Each structure stands twice: as structure tokens, then as C-alpha cells.
Amino acid sequence: MFKKKEQQRANFEEVDTIIGSGSEFQGTIVVQGTLRVDGRVSGDIHVQGDLIVGEKGQVNANIKARHVTIAGELRGDLELEGTLELTSSGQLFGDIAVANLIVGEGASFQGNCKMQATGSKGQKKRQLRPGEEKTNEA
């Protein structure tokens, strides 16, 4: 009768790949599940699951992912299917395209934001042009 709402944030409990605080990585990272970065990463990140940038994490990369949570520093552009969460300690320098945005008090964001509205069944809603009115079409 009631459908369970799909998770809208990064899942901290199911981390598949960790780049630790003493680690540094340069290049392209491709991860099927969830990636947590507590060290330094430069390059591109493609995550089919979620990306978590810990408080000590420093990322300089363009990112494609489902959900992203930033508690550290991220420099680069983000293209997300779901939610971007900037915690109170998070810093983001770059342009974002997201469905949902959560910004904690004290977070820093410098860049452009494009909100990608989605309708039921994951279909994108058609955006109205200036002067155009909304109609109830089937």
C-alpha cells in the first residue's frame, strides 16, 4: 500500500572503498558502490553509488555520482542524480547539477547551481519558458 521512499542521502554505513587520511590519489576513480575520501584525491571520480568527503578530505576532481556528502573540501564540478549535502564544515568550489541540495549552517559554496527537477517515475519535468503558463496535460 505504501511505498518505501528511496534513500535521499549518502549511506555512511555501507562504504565499499576508502581513501584514508594519509593517502593521496591522482587519476580517475571508478567505484560501483560507495566511496569515502579522508585523504587527497585529484582527477575525476565516477561513483555509481555515493561519495562521502570526510572532514579531513581534500578533493580536486569533477564528479558524477548518485548522492554526495561533503564535510571537507571539494574543488570541481558535480553532476548528481540525487542529493548534495554540504555539512557545516563542508567547502565546495565549483558548479553543481543536482536534484536536491542541503546546506548546513557554516558551510561554504562558491559556484553555480542547477536544480534538476524530477517528476514521478524519475522523469524530468519540462521547464516553462518565460511567459508560458502551466497546463494540465496528460
Scan the range 45-72 for residues that are more than 13 Å from the chain's Cα centre (by Cα) and farther than 19 Å from residue 15 by Cα and jot them down.
60
Scan the range 7-14 and give yes if some residue there is under 11 Å from the mean Cα position of the chain (by Cα), modelled with pLDDT under 95 and polar (S, T, N, Q), otherwise no.
yes
All positions within the range 25-42 that are touching a Gly at 6+ places or on another chain (Cβ under 6 Å), surrounded by fewer than 17 Cβ atoms within 10 Å (Cβ to Cβ) and modelled with pLDDT of 95 or more
26, 27, 28
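This table checks each residue for (1) in contact with a helix residue (DSSP H, G or I) (Cβ under 6 Å, 6 or more places away or on another chain); (2) at pLDDT 95 or above; (3) at positive phi; (4) hydrophobic (A, V, I, L, M, F, W, C).
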{"position": "44", "(1), (2), (3), (4)": "no, yes, no, no"}
{"position": "49", "(1), (2), (3), (4)": "no, no, no, no"}
{"position": "55", "(1), (2), (3), (4)": "no, yes, no, no"}
{"position": "68", "(1), (2), (3), (4)": "no, yes, no, yes"}
{"position": "75", "(1), (2), (3), (4)": "no, yes, no, no"}
{"position": "84", "(1), (2), (3), (4)": "no, yes, no, yes"}
{"position": "89", "(1), (2), (3), (4)": "no, yes, no, no"}
{"position": "116", "(1), (2), (3), (4)": "no, no, no, no"}
Which pairs do you get when a residue that is without any contact (Cβ under 8 Å) to a residue 60 or more places away in the chain and within 16 Å of residue 60 (Cα to Cα), found in the range 93-113, comes within reach of a residue that is surrounded by 13 or more Cβ atoms within 10 Å (Cβ to Cβ) and aromatic (Phe, Trp, Tyr), reach meaning Cβ atoms under 7 angstrom, with the pair 6+ apart or on two chains?
110/93; 111/93
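The values are calculated or read from the model by the stated rules, or taken from the named source; none is laboratory data. All values reported here derive from a predicted model rather than from experimental measurement. Cβ atoms come from the backbone with ideal geometry, glycine included; neighbour counts cover every protein chain shown.
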